[in-house]
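There's a structure below that I have some questions on.
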Amino acid sequence: MIKTVQTKPYQDQKPGTSGLRKKVPVFAQENYAENFIQSIFDALEGFEGETLVIGGDGRYYNREVIQKAIKMAAAAGFGKVLVGQGGILSTPAASNVIRKYKAFGGIVLSASHNPGGPNEDFGIKYNIGNGGPAPEKITDAIYARSKVIDSYKISDAADIDLDRVGSFKVDDLTVEVIDPVADYAALMEELFDFAAIRALIAGGFKVVVDSMSAVTGPYAVEIIEKRLGAPKGSVRNATPLPDFGGHHPDPNLVHAKELYDDVMSPEGPDFGAASDGDGDRNMVVGKGMFVTPSDSLAIIAANAKLAPGYAAGISGIARSMPTSAAADRVAEKLGLGMYETPTGWKFFGNLMDAGKVTICGEESFGTGSNHVREKDGLWAVLYWLNIVAARKESVKDIVTKHWAEYGRNYYSRHDYEEVDSDAANTLVATLREKLATLPGTSYGNLKVAAADDFAYHDPVDQSVSKNQGIRILFEGGSRIVLRLSGTGTAGATLRLYVERYEPDAARHGIETQEALADLIAVADTIAGIKAHTGRSEPSVIT
């Protein structure tokens, strides 16, 4: 039976670049999750009798909110819900299920790479029928509704058994609990040369994948161990845990350092990879070579035809504005369209739907293609294995040969996490006021060529997204970018991106922070990072 529950609105339910993210105790407030889910449904039209996909990354509070969402979907008039067994669906797998079964949309419960646990992070994101994150016009409508909502509808039916694959009824709603891995694994087998990768591994090439006690464990075990023949145990931390084992499920050089050190050791594996909380990010490490996400995008694009699913070639490349311009040089040489978008995977959706791009990437360890409408960590790992198998070269050789051909974009990101929000906003506002006066000024050997606050004009729907990050461009191709991230849940995260292009192969062996030292110093001089934040150094450098 459907019941209507009176409620009061919360004023803090504005979705960020990847949905609404808050601490678990915030979501556990009375009607907090229900308000937001009802606001999603109220912002949509035409879903009566349609299919809704629901799943998440298995983090703390995942199961409770899935039960609420199912019962509210029943009350809203959906005809069917597809939910992953155990409440599990990686973000790219959820996108694939939406697309494969032509669902109306999906609710993805995740806070991506953020920590999980009773006092850690949780998130709710709505994905539209193309499988991608809702565009701003929908998230704006959800937020507007959340500020005035006064009731929600929910079935009073009993909870369903999420751990048993099968079909259930919640009032008039059909709920199908599905194998969360099968459809995704089948798609990967269509895209990549599994026979070649199997032969590579059988020949002694040792692969290790760290799933960081997060959602990709079951996917990696099925694909890397069972289908590609890597020895049992090649997938580490393979069981998804509600608190990710107490670790930070972010596949970077800080949080996946143990894997990095293992691959770099003389007796270590030939290839290492890690995924994040919800499976959409990746880190790739070869013997003697960490592959930066920006280089990974460029190298995948340059070698795209080596994978069977992309043998006909790619239509174009897209990258987020803060991502290095390494991919731009590939696009230029191959005669492909190149698109620079704001941060947030939703901006790639229009370009992919319009056939303008095939391969997309962000510097924040996210890479993907038009096979789904989310970034996809395991997809990127499999692409690298496909490239290694096809070229019969090491990861290090592949990267260094790429630099020799296209030049090297030295690149680094400095994160200042949980900065006082007022201080961070003041820094950005003060810097914006200076932008018009910066061109033509010099700082040592660096001369400012241009400075702006990036605005994106979508070539497909003509929408405009302003204030997407401050860019300071120097003569010769170097640049610094500053922006506030929308992925944190406490305070503000200030991100500084620093980039220098080096065409001379003889200068490709410099340590990254050394190669960027003058730019890092100039960034502080111009923006006053230390003065505003009180921080002498960043929280994380990647």
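Please report, ordered by residue number, the helices (runs of 4 or more DSSP H) entirely within the range 502-542 with at least 1 residues that are over 21 Å from E417 (Cβ atoms) and in contact with a strand residue (DSSP E or B) (Cβ under 8 Å, 6 or more places away or on another chain).
Working: elements: 512-515, 517-527, 529-533.
It comes to 512-515, 517-527.
Restricting the range 442-467 to residues that are within 31 Å of the chain's Cα centre (by Cα) and at positive phi, which is least open to solvent (accessible area, probe 1.4 Å)?
Out of the qualifying residues, it is N467.
Can you tell me how many residues in the range 182-226 are closer than 19 Å to K100 by Cβ and in contact with an Asp or Glu (Cβ under 7 Å, 6 or more places away or on another chain)?
2
Need pairs with beta-carbon distance below 6 Å; first residue closer than 21 Å to I197 by Cα and within the range 389-409, second open to solvent by less than 10 Å² (accessible area, probe 1.4 Å) and part of a helix (DSSP H, G or I); sequence gap 6+ or separate chains.
Correct list of pairs: A389/I197.
Of the conditions (1) outside any loop (DSSP other than H, G, I, E, B); (2) open to solvent by 10 Å² or more (accessible area, probe 1.4 Å), K356 fails just one. Which one is it?
That leaves (1) as the condition not met.
Looking at the range 280-300, which of its residues are over 22 Å from I314 (Cα atoms) and touching a Pro at 6+ places or on another chain (Cβ under 6 Å)?
M283
Sticking with this one: Kindly list the number of the only condition in (1) modelled with pLDDT under 95; (2) within 23 Å of Y406 (Cα to Cα); (3) open to solvent by less than 50 Å² (accessible area, probe 1.4 Å); (4) among the small types (G, A, S) that fails for G486.
(2)
From the set of residues in the range 127-176 that are assigned to a strand (DSSP E or B) and under 22 Å from G344 (Cα atoms), which is modelled with the lowest pLDDT? If you could, list the steps in order and put the result at the bottom.
Applying the first criterion (assigned to a strand (DSSP E or B)) to the range 127-176 yields 127, 133, 151-155, 166-170, 173-176.
When the remaining residues are screened for being under 22 Å from G344 (Cα atoms), the result is 127, 133.
On the way: N127: 97, P133: 93.
Filtering first and then ranking leaves P133.
Scan the range 427-447 and report the pairs whose first residue is under 17 Å from I520 (Cα atoms) and whose second residue is open to solvent by 80 Å² or more (accessible area, probe 1.4 Å) and of a type outside the set (K, R), with Cβ atoms within less than 6 Å and a gap of 6+ or a chain change.
Once the first residue is under 17 Å from I520 (Cα atoms) and sits in the range 427-447, its partners that are open to solvent by 80 Å² or more (accessible area, probe 1.4 Å) and of a type outside the set (K, R) give K447/E475.
If you take the residues in the range 285-299 that are out of contact with any Gly (no Cβ under 8 Å at 6 or more places or on another chain) and either under 21 Å from R373 (Cβ atoms) or among the β-branched types (V, I, T) (or both), which one is most open to solvent (accessible area, probe 1.4 Å)?
So the residue we want is T292.
Could you check S294 against (1) part of a helix (DSSP H, G or I); (2) more than 18 Å from A389 (Cα to Cα); (3) more than 17 Å from the chain's Cα centre (by Cα) and say which number it fails?
Just one mismatch for S294, condition (3).
Residues of the range 9-32 being over 22 Å from G279 (Cβ atoms) and part of a helix (DSSP H, G or I), which ones?
Residues satisfying the conditions are P25, V26, Y32.
While we're on this one: Considering every residue within the range 40-61, establish whether at least one is in a helix (DSSP H, G or I) and either free of Cβ contacts under 8 Å to residues at least 12 places away in the same chain or open to solvent by less than 10 Å² (accessible area, probe 1.4 Å) (or both). I'd like the intermediate steps shown before the answer.
Taking the range 40-61 first, the residues in a helix (DSSP H, G or I) are 40-42.
Keeping just the survivors that are either free of Cβ contacts under 8 Å to residues at least 12 places away in the same chain or open to solvent by less than 10 Å² (accessible area, probe 1.4 Å) (or both) gives 40-41.
Yes, the range 40-61 contains a residue that is in a helix (DSSP H, G or I) and either free of Cβ contacts under 8 Å to residues at least 12 places away in the same chain or open to solvent by less than 10 Å² (accessible area, probe 1.4 Å) (or both).
Specify which of the listed residues (I510, I470, I541) is touching a residue at least 40 places away in the same chain (Cβ under 8 Å), open to solvent by 40 Å² or more (accessible area, probe 1.4 Å) and closer than 30 Å to S110 by Cα.
Just one listed residue meets the conditions, I541.
Follow-up question, since we're still on this one. Over 22 Å from E64 (Cα atoms) and surrounded by 15 or more Cβ atoms within 10 Å (Cβ to Cβ): is that true of T139 in this structure?
yes
Output the qualifying pairs, or none if there are none: Cβ atoms under 7 angstrom, residues six or more apart or on different chains, first residue in the range 71-88 and charged (D, E, K, R) and modelled with pLDDT under 95, second residue buried (at least 24 other Cβ atoms within 10 Å of the Cβ) and not in a strand (DSSP E or B).
So the pair list comes out empty.
I'm told Y219 meets every condition in (1) buried (at least 18 other Cβ atoms within 10 Å of the Cβ); (2) over 18 Å from the mean Cα position of the chain (by Cα); (3) among the hydroxyl-bearing types (S, T, Y) except one. Can you identify the failing condition by its number?
Answer for Y219: the failing condition is (2).
Mind checking which residues of the range 522-538 are surrounded by fewer than 14 Cβ atoms within 10 Å (Cβ to Cβ) and out of contact with any helix residue (DSSP H, G or I) (no Cβ under 7 Å at 6 or more places or on another chain)?
Across the range 522-538, the qualifying residues are T525, A531, G534, E537.
The values are calculated or read from the model by the stated rules, or taken from the named source; none is laboratory data. The structure presented is a predicted model; accordingly, all values stated were derived computationally and were not measured. Counting neighbours? That spans all protein chains shown, and the Cβs are built from the backbone with ideal geometry, glycine included. For the accessible areas, the whole protein counts, side chains as well, though only heavy atoms, and no ligand, DNA or RNA atoms are used. Shrake-Rupley method; radii C 1.70, N 1.55, O 1.52, S 1.80 Å.
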